[in-house]
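Here, each number is a calculation from the coordinates, and none is a lab measurement. Fair warning: this is a prediction, and the values are worked out from it, not measured in the lab. Cβ atoms come from the backbone with ideal geometry, glycine included; neighbour counts cover every protein chain shown.
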Amino acid sequence: MGRKLMTILLVLSLTLAGCVLPGKKRQQYQAAYLDVFDTVTSISAVSDSEDVFREQAEQIHSQLLEYHRLFDIYNDYEGMNNLKTVNDSAGAAPVAVDGEIIRLLKDCRDYYELTGHAVNVAMGGVLFLWHEARTAGLEDPDHARLPEEAALREAAAHTDWASVEIDEEAGTVYLSDPRLRLDVGAVAKGWSAQRAAEKAPEGFLISVGGNVCATGPKDGSGTPWVVGITDPDGGEGYLHTLYDTDSAIVTSGDYQRYYEVDGKRFHHIIDPQTLYPAERFRSVTVICGDSGLADALSTALFILPQPEGEALAKKCGAEAMWLDTEGNRFYTDGFEDWICQ
Ligand code: AMP
Ligand code: MG
């Protein structure tokens with residue numbers, strides 16, 4: 001997390017380079033927040049007024065904060081039914097929820113089908129076991145352990161979308177399987193960034209934990225934003241820097257959240273087939289018009305064999321880049337059009 005934070009800040013300083021436009025008082029501003037989706041959110045834009053920028057950034061931030069609360073599975077919030085409420089009511093009762101929860105879950109169901117079941121937010125029971133083992137392992141590295149195999153298998157038996165009953169008319173969600181749990185971590189950041197971008201003024205760059213979304217070029221002359229793709233091996237370099245004017249750029253990586261057991265790294269992206277961290281890639285970046293879809297795809301392409309992922313990206317009109325565990329890079333045909341360096 002520390003390294004990721006630093007990298008994001010580095011990307012920001014990169015995009016800040018040359019921010020004062022000659023002859024004008026317009027300037028690039030940036031606001032950063034740490035209270036959304038347990039990661040760093042940054043909002044940037046060129047503006048002639050810092051006050052106007054701050055106000056616009058704050059509106060985007062408060063929308064993201066609302067999504068953070070709605071999609072939280074670990075905390076309750078006064079006066080709000082969120083995904084934790086839905087999980088806690090599994091097998092007991094339908095829960096009346098905000099329309100945005102229904103909208104997100106319907107998209108998640110589509111992503112599940114689209115990705116050939118690689119991305120399944122109904123796999124919360126399995127993901128919870130990994131989350132628990134990782135949290136304990138990070139707190140006490142000498143006693144870090146993997147989740148019990150039998151517990152993983154048992155949780156995996158309760159991940160069926162047929163038990164996620166979305167009633168749009170009633171505005172309720174009911175998990176009819178008492179053991180099923182939702183965890184929307186694979187898509188929530190990108191999906192929320194997309195919704196925020198749709199409401200944001202033109203020319204903003206919104207990054208929610210590296211899920212980047214641009215709402216237009218950064219100035220009137222069409223100057224693109226420049227977004228860095230983190231090098232999983234750290235350092236100050238990037239795998240690439242990419243131009244972005246109005247697309248989403250989302251990366252999934254093995255360096256984002258992980259812990260070690262007996263010297264081996266176990267990261268946070270779980271292959272539903274094996275119930276263990278996907279082992280093919282270190283990093284996958286997706287570029288596409290919709291940030292929610294980009295987020296789902298980045299997780300899916302991290303799990304699927306590269307040719308399958310490439311076919312999926314093509315089907316969705318997305319570009320992608322893979323870095324495998326041996327350092328090989330793979331690109332979709334159109335990816336190079338986005339490369340700055
Ligand atoms: P991302 O960084 O977007 O690839 O998402 C990773 C997060 O998604 C993890 O922290 C888990 O909460 C969740 N996740 C991991 N594997 C899966 C999966 N196969 N399907 C759905 N969610 C997953
Ligand atoms: Mg994702």
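Among the residues of region 53-72, just one is surrounded by fewer than 22 Cβ atoms within 10 Å (Cβ to Cβ) and assigned to a loop (DSSP other than H, G, I, E, B), namely ASP72. Of the residues making up region 113-130, those that are over 13 Å from LEU182 (Cα atoms) and either in contact with a strand residue (DSSP E or B) (Cβ under 6 Å, 6 or more places away or on another chain) or touching a residue at least 40 places away in the same chain (Cβ under 8 Å) (or both) are LEU114, THR115, GLY116, HIS117, ALA118, TRP130.
Pairing each residue of region 253-278 that is within 15 Å of GLU149 (Cα to Cα) with any residue that is assigned to a loop (DSSP other than H, G, I, E, B) and hydroxyl-bearing (Ser, Thr, Tyr), provided the two are 6+ apart or on different chains, yields C-beta distances under 9 Å for PHE266/TYR276; ILE270/TYR276; PRO272/THR159. Would you mind stating whether GLU310 is closer than 17 Å to PHE335 by Cα, away from ligand 2 (no atom under 13 Å from the Cβ) and in contact with a helix residue (DSSP H, G or I) (Cβ under 6 Å, 6 or more places away or on another chain)? Against the criterion (closer than 17 Å to PHE335 by Cα, away from ligand 2 (no atom under 13 Å from the Cβ) and in contact with a helix residue (DSSP H, G or I) (Cβ under 6 Å, 6 or more places away or on another chain)), GLU310 does not qualify. Looking at GLY220, GLY317, GLY234, just one residue is assigned to a loop (DSSP other than H, G, I, E, B), more than 16 Å from ligand 1 (Cβ to nearest atom) and within 30 Å of LEU129 (Cβ to Cβ), and that residue is GLY234. Is it the case, given these coordinates, that LEU312 is assigned to a helix (DSSP H, G or I), of a type outside the set (D, E, K, R) and either exposed (fewer than 15 other Cβ atoms within 10 Å of the Cβ) or on the phi < 0 side of the Ramachandran plot (or both)? Criteria met by LEU312. Pick from region 284-307 the residues that are surrounded by 24 or more Cβ atoms within 10 Å (Cβ to Cβ) and assigned to a strand (DSSP E or B): which of them is farthest from ligand 2 (Cβ to nearest atom)? Among them, the one singled out is ILE287.
Is it the case that region 314-328 has a residue that's among the β-branched types (Val, Ile, Thr) and under 22 Å from ALA193 (Cβ atoms)? No: region 314-328 contains no residue that is among the β-branched types (Val, Ile, Thr) and under 22 Å from ALA193 (Cβ atoms). Summed over region 185-206, the residues that are surrounded by fewer than 24 Cβ atoms within 10 Å (Cβ to Cβ) and farther than 30 Å from GLY220 by Cβ give a count of 1. When GLU165 is tested against (1) within 22 Å of GLY91 (Cβ to Cβ); (2) assigned to a loop (DSSP other than H, G, I, E, B), only condition (2) is not met.
Taken as a whole, the condition of being in a loop (DSSP other than H, G, I, E, B), within 16 Å of ligand 1 (Cβ to nearest atom), farther than 24 Å from TRP191 by Cα and out of contact with any Leu (no Cβ under 6 Å at 6 or more places or on another chain) applies to GLU279.
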